[in-house]
Amino acid sequence: MENFAIYNPVKLHFGEGVTNKIGEITAEYGKKVLLVTGQGSAKASGAWDDVMDPLKEAGLELIEFSGIKSNPIIEDVDKAAALAKEKKVDVIVALGGGSVIDSAKIIALAARYDGAAWDIMEEKYKPTEALPLIAVLTLAATGTEMNPYAVVQNNCKQVKKGYGNKLIYPRHSFLDPSFTLTVSRDYTAYGVVDLIAHSLEAWFGQGDASLTDRFTAAIIREAMKYGPELLDDPKNYDLRARIMFAATCALNGMTVFGKKYQDWGVHAIGHCLSVVYDVPHGASLSIAYPAWLKVQKDRIPKRIQELGTAIFETNSVDDIIYKTEYLFKGLGSPVSLKEAGIDISDTQEREKLKKVMVKNKVNGLVHNLDEKDYDKLLELMG
Ligand code: NZQ
Ligand code: ZN
């Protein structure tokens, strides 16, 4: 086992009706609130009233910034940070999925900085303070509600980047599974894929920590059991709750206790698909994972076999890769670019994607990928 420290300061409120306390809790951080939302689902899901009513009852002044897009872009972060500065807000409430909460995390830092938000993402500027952030999650997938990471896209540079800073842990996160009852079939499936992918990035990380591996396998098993049940019964609160909790646990630190790193190579590939084709995050991972496993199978057969023993009751590497692909396919998430409606059979198209992979320095923290691997991956993902 590697040495490790456990630190997670997020106070997570989980269950039906938990946002009834959001007014008094937000008021502890000040009077002026920047409310960040996406493109309309907050109202459709019913979360809007359950958040707005208590905020208003607490006498808070609300300044709204809406329109954050899925695969969020840095321009919106800059605009929202400018609004936060102009209105001198005290605290941010983010209401939405991972894209909204991730944007709000960088807004919280950029609101305390005079330059461009992308400087923060590129670590050209090292923030020392942030506005406090309260998150209300409406989609189970990313784990952003209980971690210090944010992922934002810069379309001008054709880069999608992750960023981590302990200043951007939400102070409180509210997870009411009933808010996720309206999530579409596709995004429900992408969320399940994402949480499995986070667990796999940990599984293929560095370090030998058997108890942590058991946590990780248990999270994947939870998703394998309840993901398909939820897709058959999307209005089932209990199933929504199980998947929401699993998604939080898949990226809140517990899958890396005693390990040094997660790998993140597959996420790096997926981010390129989102930059070039705006592929939803979870779909990009179900396309990339089987291809990555095929590239790695002769390099790390033992680790793949251990995964098979832990979750698939087989230790045949080919079987395990097939079962992983079948799992994603069974959820209804694409396992090739073709299935996502993207044709890269043309050499030029493939080169375009490869260039973006080079620019984004696609690599794992543990398992290296070089340009020859990019070619193989592109062929396998096609
Ligand atoms: O924009 P609105 O109208 O809100 O609609 C969203 C969006 O169209 C909709 N939605 C959200 N809640 C809903 C709902 N629709 C109906 N009912 C609800 N209750 O769902 C669509 C997708 O939302 P989005 O926030 O983009 O999805 P997700 O939560 O999967 O977030 C994806 C982003 O998170 C990043 C990804 O790269 C991607 O940019 N990630 C962040 C991580 C982190 N911070 O730790 C780790 C992850 O690996 C991931 O990379
Ligand atoms: Zn992810």
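Please give the helix 74-86 orientation as an angle from the longest Cα principal axis of the chain, in degrees from 0 to 90, rounded to the nearest 10. Roughly 20 degrees, rounded to the nearest 10. For region 192-245, pairs of C-alpha atoms spaced more than 17 angstrom apart make up 38 percent of the total.
Every helix of 4 or more DSSP H residues in the chain counts as -39500 (n - 2.57), and over all residues that averages to -15000 deg cm²/dmol at 222 nm.
Just the accessible area per residue of the chain, please: how many Å² with a 1.4 Å probe? It would help to have the intermediate numbers written out before the result.
On the way: 15990 Å² over 382 residues.
Normalised by residue count, the accessible surface of the chain is 42 Å².
Oblate is the label for region 186-381. Its Cα gyration tensor axes, ordered a ≥ b ≥ c, give a/c of at least 1.5 and b/c at or above a/b.
Tally up the carbon and sulfur contribution to the accessible surface of region 11-180 as a whole percent, 1.4 Å probe, everything protein left in place. Write out the running numbers ahead of the final one.
Working: 3020 of 6530 Å².
Carbon with sulfur: 46 percent of the solvent-accessible area.
Couplings 3J(HN,Hα) for region 359-370, derived from phi with the Karplus relation 6.51 cos²θ - 1.76 cosθ + 1.60 (θ = phi - 60°), are 4, 7, 6, 4, 6, x, 6, 10, 9, 5, 10, 10 Hz, where x marks Gly and Pro. Element breakdown for region 294-361 at a 1.4 angstrom probe: carbon and sulfur atoms account for 49% of the accessible area.
So for region 220-309, averaging the separation of alpha carbon pairs under 8 Å that are six or more residues apart and normalising by length, what relative contact order in percent results? Before the final figure, lay out each step's value.
Details: 36 pairs, mean separation 14.2, N = 90.
Dividing the mean separation by the residue count of region 220-309 yields 16 percent.
When the charge dipole of the chain is built from unit charges on Cβ atoms (+1 for Lys and Arg, -1 for Asp and Glu) and taken about the Cα centre, the candidate among Tyr149, Asn252, Val276 whose Cα reaches farthest toward its positive end is Tyr149. Measuring with a 1.4 angstrom probe and ignoring ligands and nucleic acids, Arg185 comes out at about 120 Å² accessible. Against the chain, whose longest principal axis is taken from its Cα atoms, helix 210-232 shows a tilt of about 80°.
Average 1/r across all pairs of distinct alpha carbons in the chain, invert it, and you get the Kirkwood radius: 21.0 Å.
The values are calculated or read from the model by the stated rules, or taken from the named source; none is laboratory data. The shown structure was predicted, so the numbers you read here are calculated from the model rather than taken from an experiment. Note that each Cβ is placed from the backbone with ideal geometry, even for glycine, and that neighbours are counted across all protein chains shown. Accessible surface is based on the protein model in full, side chains and every heavy atom, while ligands, DNA and RNA are left aside. Shrake-Rupley method; radii C 1.70, N 1.55, O 1.52, S 1.80 Å.
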